[in-house]
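Asks: I am attaching a structure below and will ask some questions about it afterwards.
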Amino acid sequence: APTNPPKLRNWQLRVLQANLVAQTGIVITGALVRVTSSGLGCPTWPECVAGSITPTSAQTQAWHKYVEFGNRLLTFVLVVVAVAAIFAIRQHNQDRLALGRQKRKTLTLLSLGTFLGIFAQAILGGITVLTGLNPFSVASHFLLSIGLITVAQNLLTRATELEDRPIANRVHVLVVRAIQFQLWLGLLVIILGTLVTGSGPHAGDSAAVARMPFDPRIISWIHADVVVLFCGLAIGLCVALVALNAPSDMIKYARLVILVCILQGILGYTQYFTGLPWVLVLFHVVGACLLWIVTLRLYLARNSRGS
């Protein structure tokens, strides 16, 4: 007869956590490439320069070639971690079978999605280079990374739960709907952020690079307005969760969303009024990733899953 489903082993949990960290880390290093104007440090793809996979002394891109090449090398780290995640989930499913439980196909698909997504990201990165850092390609490159972070966080959260099937909402259905709306609003914030960046001065290379056909001030205002709406909703959600005596982890995530949102707002306005210094832009990208992760964690905590 089936017994209680097994929990993740400690090493399996660490691998899935490393997968999320790695997917987030390459977004940050990609942003570093952009704000240091190193986007064409390796002017071709898949080679760094014609005839060489690695940077050469004959290149005119100075230190930029090492920044861009370093970011490319991290792709191999992601592949190793993704393979380890697939193996961890396979072993977890084997543990389930040994205890009379079915394999969790959802976890298998998520782990495979991470692996395949890395190759899709590499191809899109190559297209971005070969098109001379087309701003729409750059934005798509970033949004695909957000998608991979989403998959990694889903994999980590789902794997720590006992089953795939939702048992019940953990809070009132109206609060669940608000949490779902917050997630989509957060995605809109990120998309608008890519339009702001694509219209601004950080083109990713020191040479003249095409920008998006938006007025930087207007698109920044729209982005800021949606952020204010997001923060207001986050505060309202937190108040509702506390008032309804919701599970402590949901209240914790809601508070983290507010905290990161406020810090992001301060960073955003500061960078806007100080001429977009690259260090602040980099921290703003880090904040965007963290805000998306905590928003996702609140969303994933909205219902319980078990046997």
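The values are calculated or read from the model by the stated rules, or taken from the named source; none is laboratory data. Computed from a prediction, not measured in an experiment: that's the story for all the values here. Here the Cβ positions follow ideal geometry from the backbone for every residue, glycine too, while neighbour counts run over all protein chains shown. All accessible areas refer to the heavy atoms of the entire protein, side chains included, with ligands and DNA or RNA removed. Shrake-Rupley method; radii C 1.70, N 1.55, O 1.52, S 1.80 Å.
Asks: Relative to the longest principal axis of the chain, what angle (0 to 90°, nearest 10) does the C-alpha long axis of helix 10-35 take?
Replies: With rounding to tens, the tilt is 30 degrees.
Asks: Can you list the equivalent-ellipsoid semi-axes of the stretch 116-247, largest first and in whole Å, using the square root of 5 times each Cα gyration tensor eigenvalue?
Replies: Whole-Å semi-axes of the equivalent ellipsoid: 35, 22, 8.
Asks: Around N303, which amide H atoms from residues at least 5 apart in sequence, or from another chain, sit under 5 Å from its own amide H, with H modelled in the peptide plane?
Replies: Under 5 Å from the amide H of N303 lie the amide H atoms of R170, each far enough along the sequence or on another chain.
Asks: Quick one: divide the alpha-carbon radius of gyration of the stretch 219-277 by 2.2 N^0.38 Å and tell me what you get.
Replies: 1.33
Asks: What whole-number volume per residue, in cubic angstrom, does the convex hull of the C-alpha atoms of the stretch 69-128 give? Can you show the working numbers first?
Replies: Numbers: hull volume 3.1 nm³, N = 60.
Roughly 51 Å³ of hull volume per residue.
Asks: Right, next: Counting only residues 5 or more places away or on other chains, whose amide H sits under 5 Å from the amide H of T54 once H atoms are built in the peptide plane?
Replies: C48
Asks: Follow-up question, since we're still on this one. If packing is taken as the mean number of other Cβ atoms within 10 Å per residue, what is the order of 200-210, 30-40, 82-92, highest first?
Replies: Output ranking for 200-210, 30-40, 82-92: 30-40, 82-92, 200-210.
Asks: Could you work out the helix-only [θ] at 222 nm for the chain, with each DSSP H run of four or more residues adding -39,500 (n - 2.57) and the total divided by the number of residues, to the nearest 500 deg cm²/dmol?
Replies: Theoretical 222 nm ellipticity from helices: -25500 deg cm²/dmol.
Asks: Using every alpha carbon pair in the stretch 149-206, what percent of pairs falls into each 5 Å bin from 0 up to the bin containing the largest distance?
Replies: 4, 13, 12, 17, 19, 11, 8, 6, 5, 3, 1
Asks: What list of ³J(HN,Hα) couplings, whole Hz, do you get for the stretch 209-217 from phi and the Karplus terms 6.51, -1.76, 1.60, once you set θ to phi - 60° and write x for glycine and proline?
Replies: Couplings: 10, 4, 10, 5, x, 10, 5, x, 5 Hz.
Asks: If you don't mind, there's one more thing I want to ask. As I understand it, the value is the acute angle between the Cα axis of helix 135-160 and the longest principal axis of the Cα atoms of the chain; what does it come to in degrees, rounded to 10?
Replies: The angle comes out at about 20 degrees.
Asks: Report the Cα-based extents of the stretch 1-122 along its three principal axes, largest first, to the nearest Å.
Replies: 68, 25, 18
Asks: Return one number: the angle in degrees, 0 to 90 and rounded to the nearest 10, between the long axis of the Cα atoms of helix 105-130 and the longest principal axis of the Cα atoms of the chain.
Replies: For 105-130 against the chain, the angle is about 10 degrees.
Asks: Which percent of the accessible area of the stretch 162-307 is formed by carbon and sulfur heavy atoms (probe 1.4 angstrom)?
Replies: It is 71 percent, rounded to a whole number.
Asks: Please calculate how many Å² of accessible area the stretch 68-186 carries per residue, with a 1.4 Å probe and no DNA, RNA or ligand atoms counted.
Replies: For the stretch 68-186, the per-residue accessible area is 47 Å².
Asks: Per Stokes-Einstein, at 4 °C and 1.567 mPa s, what whole-number D in µm² s⁻¹ belongs to the chain, with the Kirkwood radius over Cα pairs as the hydrodynamic radius? Kindly include the intermediate steps, with their values, before the conclusion.
Replies: Values: Rh = 20.8 Å.
It diffuses with D of about 62 µm²/s by this estimate.
Asks: Sorting check: for 164-176, 261-273, which peptide has the highest mean count of neighbouring beta carbons within 10 Å, and how do the rest follow?
Replies: Values: 164-176: 13.4, 261-273: 16.5.
Going from most to least packed, we get 261-273, 164-176.
Asks: What are the residues whose amide H is under 5 Å from the amide H of G204, where those residues sit 5 or more places off or on another chain and H is modelled from the backbone?
Replies: Answer set, sorted by chain and number: S37.
Asks: Continuing with this model, one more query. Taking one equal scatterer on every alpha-carbon of the stretch 184-307, how large is log10 of I(q)/I(0) by Debye at q = 0.13, 0.17, 0.19, 0.20 1/Å?
Replies: Per q value, in the given order, log10 I(q)/I(0) is -0.57, -0.86, -1.01, -1.09.
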